[in-house]
1. Any idea which of Ser23, Leu35, Met62 is furthest toward the positive side of the dipole for region 6-112, if Lys and Arg beta-carbons carry +1 and Asp and Glu beta-carbons -1?
2. For Lys40, go through the aspartates and glutamates and keep the ones whose alpha-carbon is under 20 Å away, minus same-chain ones fewer than eight residues off.
3. Determine the sum of side-chain charges near Val76: Lys and Arg each +1, Asp and Glu each -1, restricted to other residues whose C-beta is under 12 angstrom from that of Val76.
4. Place a +1 charge on the Cβ of each Lys and Arg in region 30-113 and a -1 charge on the Cβ of each Asp and Glu, then give the dipole magnitude about the Cα centre in debye, rounded to the nearest 20.
5. Relative contact order for the chain: what percent, with Cα pairs under 8 Å and sequence separation of 6 or more?
6. So which residue, out of Ala59, Ala45, Ala68, gets the largest mean-square fluctuation from a GNM of the chain using Cα contacts under 10 Å as springs?
7. Of (i) 19.0, 72; (ii) 24.4, 89; (iii) 17.5, 68, which is the value of Rg and Dmax of the Cα atoms in Å derived from the coordinates here?
8. Between rounded, prolate and oblate, where does region 47-95 land on the alpha carbon gyration tensor, with a ≥ b ≥ c its root eigenvalues, rounded for a/c under 1.5, else prolate if a/b exceeds b/c?
Amino acid sequence: MGHFHTESISAMSSRVWFITGCSSGFGQELALEALSRGDKVIATARNKDKLKILQEAGAETMELDVKATLYELRDVASRVIESHGRLDVLVNNAGYGLQGTVEEITYDVWSLK
């Protein structure tokens, strides 16, 4: 029989979260909850200055726009994996609203957001 080590169990239960849209609301609350459980959190927002509460609570913060290119997203994912060795939970909470029917919204209007 092997020995039971509580340290290794504790380390295994810690998750690495990547949460977008953390400047306020649901994203911010989810990040704070994960941090309170001892998990690691990478919190993003369009404006990194709006993430100070999370940074002070222990989150790693980074600027990331909801309209980032695929190249930018791959770069961010690579940096997270390189830094933390893994990513356990991804929450894509970022978004923006656009009002109108499908027929009214042209690509040019949509792409300006």
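1. Leu35
2. Here the aspartates and glutamates satisfying the reach criterion relative to Lys40 are Glu7, Glu29, Asp49, Glu56, Glu60, Glu63, Asp75, Glu82, Asp88.
3. Cβ neighbours under 12 Å give a net charge of -4.
4. Details: 11 positive and 14 negative charges, 48 e Å.
With only Lys, Arg, Asp and Glu charged at Cβ, the dipole is about 220 debye.
5. 28 percent
6. So, out of Ala59, Ala45, Ala68, the one fluctuating most is Ala68.
7. For Rg and Dmax of the Cα atoms in Å, the calculated option is (iii).
8. Oblate shape, in that a/c is at least 1.5 and b/c is the bigger or equal ratio.
Read-outs throughout are calculated quantities, based only on the coordinates presented, and are distinct from any laboratory measurement. In this text the structure is predicted, and so the values were computed from the model without any measurement. Ideal geometry is used to build each Cβ from the backbone, glycine not excepted, and the neighbour counts take in all protein chains shown.
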